[in-house]
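Peer 1: Before anything else, here's the structure in question.
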Amino acid sequence: MAEEQKKKGTAAVKTILKIILGLIFIGLGIWAVIAWWKDLLVVVKGCIGLFAILAGAITIAIAKE
């Protein structure tokens, strides 16, 4: 019984560490978006054409079925 509690405790600690790590990554992502907003917009603008081509190709592939 004590071993089951150890396993539950270890699993809880691992879960807490994963949540903390996830929050850190979210914070870094928000910081990166704010810090590099203009560069992000350039990348998004550059990808719009590629996304449109891909969407068109997928639409044609679906229409052929």
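The values are calculated or read from the model by the stated rules, or taken from the named source; none is laboratory data. Keep in mind it's a predicted model, so treat the numbers as computed, not measured. Here Cβ is always computed from backbone atoms with ideal geometry, including for glycine, and neighbour counts include all displayed protein chains.
Peer 1: Checking the structure you have, find out if any residue of the range 42-65 is outside any helix (DSSP H, G or I) and at pLDDT below 95.
Peer 2: yes
Peer 1: Being modelled with pLDDT of 95 or more, surrounded by 10 or more Cβ atoms within 10 Å (Cβ to Cβ) and assigned to a helix (DSSP H, G or I): is that true of residue 9 here?
Peer 2: Values: modelled with pLDDT of 95 or more: no; surrounded by 10 or more Cβ atoms within 10 Å (Cβ to Cβ): yes; assigned to a helix (DSSP H, G or I): yes.
So residue 9 fails the test.
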